[in-house]
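The values are calculated or read from the model by the stated rules, or taken from the named source; none is laboratory data. The model shown is predicted, which means the values in this text are computed figures rather than measured ones. No Cβ is skipped: glycine too gets one built from the backbone with ideal geometry, and neighbour counts run over all protein chains shown. The protein model used for the area step is the full one, side chains on, heavy atoms only, and it has no ligands, DNA or RNA in it. Shrake-Rupley method; radii C 1.70, N 1.55, O 1.52, S 1.80 Å.
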Amino acid sequence: MTKIKFILVALVFLTLTNCKTEKNEYPLDKRYWDTTDYKDVILNLRFGYEDDEKKPTFDNPEQRIIVEKLTDEQNFKVVLKDKELGIKHRNAVATEFFERWKDMHQIYQATDRKDMYVYDIEMLAVWQYGLSLQLDYFKLGNEEILESADDPNSTRVKNVINSNIRTLIDNYVIYLDEINEEKAFSEKGKAKLADGIDKYFTQLIELYPDANYSGMKKKAELMLKKSESDKIKTSLTKLIELIDSKQKTETEE
């Protein structure tokens, strides 16, 4: 039995190879992108543009479809949610998507001379794609562990499962680190950052209501004191209240 643990501390970098696609050649005719498509697209987006050349953005009518396809959760959900496919196969595909997502982080990280993010909306869309992916990724990994275990109810198996859930929660907490860079975001970016907290952190807590969120709560409380954005502060307040409500329910039970 192998423990799965993939905390996002250091991101993996793709190596530039001769397989790079020509600029602006994207598989837009495909309904869903697989991991091979992602590898080629990421190479192109990371290395196919000059430093002073604008990359595809949501506000570019001609190229927004590229970003929409890149961050479309259906690309992985169409496989990972398909119960007709085996758990081992789906888990393997989830792992490949997870590796591609880590590489995606490098596409839209640029800042300008005022230390503002050049592509804050796109960067956050990539982040939120990953938050969604991880919910399926860790769930499938734990399901495969349970399926392969001689005794799914053993203390050892339970410890591995709980450790993986803690890692997932830790990965989500890293998203809150972006609030430290709040001044680098546009107002639209701050709103999108807040939306990510509302949507995906709620999904996480609903999926694992009995998990320990004390570290996340502490981080949220610190960011609440630091943030100057009303939208972000509102989202953090709701997150803290949601954690408190789950803890209260657990205590009453």
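The figures follow:
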{"read-out": "The range 218-249, residues that are within 22 Å of the chain's Cα centre (by Cα), open to solvent by 30 Å² or more (accessible area, probe 1.4 Å) and under 14 Å from residue 206 (Cβ atoms)", "value": "238, 242"}
{"read-out": "Which numbered condition residue 189 fails, given (1) closer than 13 Å to residue 128 by Cα; (2) open to solvent by 50 Å² or more (accessible area, probe 1.4 Å); (3) of a type outside the set (Phe, Trp, Tyr)", "value": "(2)"}
{"read-out": "Residues of the range 153-198 classified as in contact with a Phe, Trp or Tyr (Cβ under 7 Å, 6 or more places away or on another chain) and not β-branched (Val, Ile, Thr), total", "value": "9"}
{"read-out": "Unmet criterion (only one of (1) more than 30 Å from residue 162 (Cβ to Cβ); (2) modelled with pLDDT of 90 or more) for residue 16", "value": "(2)"}
{"read-out": "Evaluation of residue 172 against (1) open to solvent by 20 Å² or more (accessible area, probe 1.4 Å); (2) under 16 Å from residue 131 (Cβ atoms) (one fails), failing number", "value": "(1)"}
{"read-out": "So residue 131, is it buried (at least 18 other Cβ atoms within 10 Å of the Cβ) and either within 23 Å of residue 29 (Cα to Cα) or not acidic (Asp, Glu) (or both)", "value": "yes"}
{"read-out": "Residues of the range 195-210 satisfying the condition of being within 13 Å of residue 121 (Cβ to Cβ) and either touching a helix residue (DSSP H, G or I) at 6+ places or on another chain (Cβ under 6 Å) or of a type in the set (Ser, Thr, Tyr) (or both)", "value": "196"}
{"read-out": "Test for residue 167: is it modelled with pLDDT of 95 or more, of a type in the set (S, T, N, Q) and either on the phi > 0 side of the Ramachandran plot or out of contact with any helix residue (DSSP H, G or I) (no Cβ under 9 Å at 6 or more places or on another chain) (or both)", "value": "no"}
{"read-out": "Breaking point among (1) under 14 Å from the mean Cα position of the chain (by Cα); (2) surrounded by 18 or more Cβ atoms within 10 Å (Cβ to Cβ), for residue 105", "value": "(2)"}
{"read-out": "Out of 158, 139, sole residue that is out of contact with any strand residue (DSSP E or B) (no Cβ under 7 Å at 6 or more places or on another chain), in contact (Cβ under 8 Å) with a residue 40 or more places away in the chain, open to solvent by 60 Å² or more (accessible area, probe 1.4 Å) and assigned to a helix (DSSP H, G or I)", "value": "139"}
{"read-out": "Total residues in the range 53-101, condition of a type in the set (Lys, Arg), touching a residue at least 12 places away in the same chain (Cβ under 8 Å) and surrounded by fewer than 17 Cβ atoms within 10 Å (Cβ to Cβ)", "value": "3"}
